[in-house]
Each structure stands twice: as structure tokens, then as C-alpha cells.
Amino acid sequence: MHWTHNVIRGAVPALLTVFLACLNPAAFAASDTWNQPGGSHSWNSGANWLSGTQYPDGTGDVAYFTNDITSAQTVTVSPSVTVGGMVIGDANGSHAFTIGLNNTQTINLDNGASANFVNSIASANTILAKLVATGVNQDLTIDVTGTSLSIGTASTSSPMTIDTLTKNGSGDLFLGTAGSTFTDPNVYLNGGRTFIFNTYALPTNSVVTIAAAASLHGGGGRDQAVAEIRGTGMFRDGSSSFMVVGDPAGVPGAGTYIRSGGRLRPGDLTAIGQVGTLFIGEPSAPAVSPRFESGSESYFDIASYTSFDQIDIRRTTTTINGGDVYINFLSGFSPTNGAQFKLFINTSTQGYKDTNGGAIFDNIFDNDGIANPFHGYFQASWGDAPLAAENPGGLNARNIVFTYLIPEPSAAAFVMLSAAALLLRRRS
């Protein structure tokens, strides 16, 4: 009898919980498709979704904004919701979605062990809500196959709190995300154009890898600094803005700066040791001269006499005030004495050194970073025919050529080697 009483007593709270859950559609949150044709409506109402009774608000849920809207649509988010991903795009591409009224609204991202995702599949859509990753996997993949996706605007920042950012697709991504926190600084741009939509839209410690089909753009008075640029794509500044690789403090003006602590790694995409060309600027839109400064680092891999890293600067002039160059021989490749490599190229521009004490770069290191009388080393010089004078020294040229030299042993070194050999024979 007591057992029966206890079972009934325990069942009452459980039944009550189920009953209350039925009264709360969000308790049964799941993936769903938006069902409003236009205007401004709330994410947090089940009546605005195809199911009519629930809305996406749970780990792994996907919010589909893919219905045919007849006018621009704003989706307000209050209170915050949690999803694993969003798919955004008017069914016929005629109108655009705006997700979030402003940056005081929050969308938490939790896709379990998988990366969080946002797919913009049609039209030019906007996300104004903050994106905050809260799950086990805090990476975010943004795939833009429609016209464009803007996160934030030029005047309103919508910061992201994530780990790694990956951008796929041929559409444009506009980052109005100043104040973002990336726990993992890696940013992978695998396709299309990515624009800096307000100053420092990316964290300054970002390591940006740009694939061949992708590009990173500044401009319009919006500045950006990152720690490293690698890959085979293109990055450029634009008018009245700077793009800094390295220390962003005290930048004197517009342009591209490879500054102290900044690193360029042409060719390297998924791993160090991939050979390719990294592009700076566009020949059709020349802007302010790029500058290489003391303390900057440029890394080049050489696989063979015909396969080696290059940097192609497409600007009117290039200023080199120093910096270090690291050259790495791959797969046991070792060049012969006098071998030349045009690792740094200005194909349609002029290059010149400025005030670096007669040296193009501060230091040039090969695999082990050691220079001695019996060890090969690289010497940098200006290649091709000089162009019209840009400075009193007349040091302009299209290319910088690195020549690998193996010094002949000096007479003193020969005497020292002979003495050492004689001493070894006597000891033996």
C-alpha cells in the first residue's frame, strides 16, 4: 500500500512537468522554417514558424529563413536563443533578411561536437545580433553562396565570440564585427571577397589564411591589423585606410604595412611547406605603397629551381625599410653556388629601398640560420633593368633577386683546416 502511494506521489510531479511543457512551445524547440512574408516579427513566437507551435532554440537546432518573402524581413531576437546553425535566403532571391534588431540581441551557437554554421544562400542578408559560441565546438563556418552576408554594419558593430572563423563560398562577406573575441586566432578565407566593414573587425592577433579564390579587403577609412597573412590569395588596403601585418601602434598613415612582429607566409595554406604566390593589392586599383619595416618576417619555401614561394605586390611602389627573410629548402633540396630565385616580385610596379643602411633586408636566413665560411647563404639584390628614378640612389627595379652563394674557403681557413688535420693524424 505504501509502495502504491509512493508511486502515485512520484508520478504527479512528472505529469505536471509534461503538462507545463505542453503549455510552453519553446520546451519542444527544434529545427524549423520561418513562415512570415515580410515586415518585422519575433523569432521567439512559434506562430511565426512553419510548425506554428515551436521555434528553434536548442543545441543542434537549425533555423531556416528560406521561405518566399514579399518584402524585406527583420527577425527580432528577444530573449536570446540557441541554435547550431542558420540558413538564410529568400526562396526566389528577391528580398533580404535581417536577423536581429541590433547588437543588444544575442544568438548563442551550439552545434554539439560539430562546427556552428551560417549559410547565406540568396540575396544580400544581414545579421545584427551578436553571435556567441557556447557549445563544445565553438568554431564558426560561414558559407556565402548568395550575393552577400553582412555581420554588423559600417556604423553598428555586431561582435562575435568564437574560436576559428572559416569563410566559404563565392559571395561577399562584410565584417562589421569590431570587438570580437576569437579564442583561436585562425581565420580561413577559402572563397570570395571578405571586407573589413568597420575598424578592427578582426582581432589584431588573427592569423589569416587566404586561398587562391579568396581575398581580404580594407578601405573606406576602415583599418585592420592582424598578426600573420599566409596563403595564395590577395589582400589589399584601399583609400584612406591601412592594413597592418604586425604591430598596429603608431601607424603613420594609409597603406599596407608589414611591421615588427608581422609575418608573411606565401603559399602556406593547411601546412607549412606549400609553395605558392601571395598577392598584395590589385593592378587595376593601385593605392598607397606597401612598406616592409624592421622586425617584420617573411617566410619562403623552395622546392626546386622552378617551384618556390613568391610575393606579388601590385602597387606603384614598394618601400623596404628592413625586416628578416627566412628561406627554407624543402625535400632535401640544396641549390648550387650562384643559384638565383626571384622570391619577391613586383610584376607591374616599381620597387625601391629607402633608409635601411644600404641593405634591402636586415637579415636573410636559410634552413639553419647560420652563416660561416663553409656554409651557403643568400644575398639580396635588385633584378631586371632599373626603372625611372624614384629616389636619388636610383635603386629602383622590378624584382628582388636572392642569390645563393657558397663561399670559397679563405687562405686563413685553409691553414686552420690543415693544422687541424695534422693534429688529428698525430693523435691517432
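If only residues of segment 189-213 that are under 19 Å from residue 146 (Cα atoms) and among the aromatic types (Phe, Trp, Tyr) are counted, the one that is surrounded by the fewest Cβ atoms within 10 Å (Cβ to Cβ) is 195. A single entry from 244, 187 fulfils the requirement of being β-branched (Val, Ile, Thr), within 27 Å of residue 124 (Cα to Cα) and assigned by TED's automatic domain parsing to the domain that holds residue 174: 187.
If only residues of segment 59-79 that are assigned to a loop (DSSP other than H, G, I, E, B), small (Gly, Ala, Ser) and free of Cβ contacts under 8 Å to residues at least 40 places away in the same chain are counted, the one that is surrounded by the fewest Cβ atoms within 10 Å (Cβ to Cβ) is 71. Within the group 344, 378, 374, 361, which residue is at pLDDT below 90, among the aromatic types (Phe, Trp, Tyr) and loosely packed, with under 15 Cβ neighbours inside 10 Å? Residue meeting the stated conditions: 374. Against the test of being buried (at least 18 other Cβ atoms within 10 Å of the Cβ) and either touching a His at 6+ places or on another chain (Cβ under 9 Å) or of a type in the set (S, T, N, Q) (or both), the options 44, 116, 35 yield a single qualifying residue, 116. Exactly one residue among 153, 164 is more than 24 Å from residue 110 (Cβ to Cβ) and of a type outside the set (Asp, Glu), and that residue is 153. Does any residue of segment 184-194 turn out to be modelled with pLDDT under 95 and of a type in the set (D, E, K, R)? No, because not a single residue in segment 184-194 is modelled with pLDDT under 95 and of a type in the set (D, E, K, R). Answer yes or no: is there a residue in segment 236-245 that is charged (D, E, K, R), modelled with pLDDT under 95 and under 23 Å from residue 312 (Cβ atoms). Within segment 236-245 (the criterion being charged (D, E, K, R), modelled with pLDDT under 95 and under 23 Å from residue 312 (Cβ atoms)), the answer is yes, since at least one residue qualifies. Residue check: residue 155 meets all listed conditions (1) farther than 17 Å from residue 83 by Cα; (2) at pLDDT 95 or above; (3) polar (S, T, N, Q) but one, namely (2). Report whether or not residue 256 is in a loop (DSSP other than H, G, I, E, B), in contact with a strand residue (DSSP E or B) (Cβ under 6 Å, 6 or more places away or on another chain) and either in the same structural domain as residue 145 (by TED's automatic domain parsing) or of a type in the set (Lys, Arg) (or both). The answer is no for residue 256. Of all residues in segment 113-128, none that is not assigned by TED's automatic domain parsing to the domain that holds residue 80 has its Cβ atom under 8 Å from the Cβ atom of a residue that is of a type in the set (D, E, K, R) and outside any loop (DSSP other than H, G, I, E, B), 6 or more apart or on another chain. Residue-level check: of (1) in contact with a Ser or Thr (Cβ under 9 Å, 6 or more places away or on another chain); (2) assigned to a loop (DSSP other than H, G, I, E, B); (3) hydroxyl-bearing (Ser, Thr, Tyr), residue 204 misses just (1). Of all the numbered requirements in (1) at pLDDT below 95; (2) under 23 Å from residue 132 (Cα atoms); (3) touching a strand residue (DSSP E or B) at 6+ places or on another chain (Cβ under 6 Å), residue 26 misses one, and that requirement is (3).
Yes/no matrix, rows are residues, columns are (1) at pLDDT 95 or above; (2) of a type outside the set (Phe, Trp, Tyr); (3) out of contact with any Gly (no Cβ under 7 Å at 6 or more places or on another chain):
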| residue | (1), (2), (3) |
| --- | --- |
| 2 | no, yes, yes |
| 9 | no, yes, yes |
| 33 | yes, yes, yes |
| 60 | yes, yes, no |
| 77 | yes, yes, no |
| 83 | yes, yes, yes |
| 87 | yes, yes, yes |
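The values are calculated or read from the model by the stated rules, or taken from the named source; none is laboratory data. If you're wondering where the values come from, they're calculated on a predicted model, not measured in any experiment. Note: ideal-geometry Cβ built from the backbone for every residue, glycine included; neighbour counts use all protein chains shown.
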